[in-house]
Amino acid sequence: MDINLFKLCSGLKVIGYFMILLVAAIVAVSYYAVVVLTWGQQLLRGGVHSFLALSIIIVFHVLLLMLVWSYIMVVFWDPGSVPDNWTAVLLEERLEAGSSLRSSDYAGPETLDSTRPFSDGLDGGPSVAYCDRCRNGKPPRCHHCSVCQRCVLKMDHHCVWVVNCVGARNYKFFLLFLLYTFLETTMDTLVLLPSFIKFFGKAMNHSSSPGNLAIIFLAFVLNLAFSLSLLCFIVMHASLVSSNTTSIEVMDTLTAFCVYEKKRAVRWKYDIGRKKNFEQVFGTKKALWFLPLFSKEDLDNIPALHGLDFPTCSDV
């Protein structure tokens with residue numbers, strides 16, 4: 001019996017809904033351990049202890065608010081869909097502009113499929129591809145997601161934790177979610193460390209409720225594990241943002257052009273400088289860099305935020 005791999009991929013979306021519940025459960029356990037069991041009780045002691053406890057609880061809630069806000073945005077915000085009949089519209093616009101079309105500018109369904117290797121970076125391949133599954137054109141840096149069953153603009157990856165693809169229009173929200181989750185879990189680990197150290201003594205002496213001890217132990221271990229793993233993801237995505245690259249493009253580039261780049265030292269087509277690369281994701285408004293929002297001015301003036309058009313080295 002043949003196995004339909006695409007149906008198996010679609011099953012990952014179902015798993016994603018359980019991941020959302022898991023995220024909620026981890027947040028609830030951490031909240032109970034940090035605010036209720038550990039530092040909430042310190043508010044009644046007075047003096048320095050109360051001030052420290054109040055400061056920790058305020059910072060905890062601020063980070064939690066930003067984490068949840070970013071998470072909701074990345075879950076529900078469209079990562080970027082290809083407009084219907086995008087190829088036809090593009091060709092019409094070029095014809096109206098009076099530009100001549102070369103045969104290499106368009107690859108129709110007879111010549112290309114959705115599984116063709118990445119080719120709009122270094123090799124000067126066709127700038128317009130075609131997706132057989134969506135029956136539509138594929139803009140540059142667009143890829144078909146087998147889980148969402150559609151093409152996603154500037155797709156980075158499908159994230160099972162957010163039950164959504166990460167693409168041009170929600171990449172900033174995803175990065176902020178990573179950042180605030182890392183800060184929250186790191187803070188939780190540090191403020192729970194004294195209680196975790198005392199855990200073994202209290203467990204031996206039976207001086208505290210076994211249930212409360214279990215919650216503090218579980219919260220500390222979970223937050224420590226997430227903090228360490230998220231640090232690796234943040235470093236990786238910081239590197240991707242600085243070079244204006246996606247996870248998919250890195251894998252395709254390493255597979256097809258690694259030797260070529262090493263020999264010829266070819267610069268990545270969309271790398272237009274670290275500052276401009278950063279603005280392609282976060283916008284130019286510094287006041288909004290750490291908020292899951294975009295200004296209207298940035299949305300109007302930065303085409304890359306919409307995922308259909310990207311400046312290249314030759315444009316800078």
Note, ³J(HN,Hα) from phi for the range 57-71, Karplus 6.51, -1.76, 1.60, rounded to Hz, x at Gly and Pro: 5, 5, 4, 4, 6, 5, 5, 5, 4, 5, 4, 5, 4, 5, 5
Accessible-area value, Val68, 1.4 Å probe, nucleic acids and ligands omitted, Å²: 60 Å²
Efficiency of FRET between Val62 and Ser243 - r from beta-carbon atoms, R0 30 angstrom, step 0.05: 0.45
Phe177, Phe233, ranked by accessible area, largest first (probe 1.4 Å): Phe233, Phe177
Neighbourhood charge, 15 Å Cβ-Cβ cut-off, centred on Ala28 and excluding it, Lys, Arg +1 and Asp, Glu -1: -2
Val48 versus Tyr32: modelled label distance in nm, points set 7 Å from Cα along the beta carbon direction: 3.3 nm
Inter-probe distance in nm under a simple model that places probes 7 Å from Cα toward Cβ, at Tyr17 and Thr284: 4.3 nm
Residue-by-residue Karplus 3J(HN,Hα) for the range 181-195, coefficients 6.51, -1.76, 1.60, Hz, glycine and proline x: 5, 4, 5, 5, 5, 5, 5, 4, 4, 5, 6, 8, 4, x, 5
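The values are calculated or read from the model by the stated rules, or taken from the named source; none is laboratory data. Treat the numbers as computed from the prediction; the structure is a model and nothing was measured. Positions of Cβ are generated from backbone atoms using ideal geometry, with glycine treated the same way; all protein chains shown enter the neighbour counts. All accessible areas refer to the heavy atoms of the entire protein, side chains included, with ligands and DNA or RNA removed. Shrake-Rupley method; radii C 1.70, N 1.55, O 1.52, S 1.80 Å.
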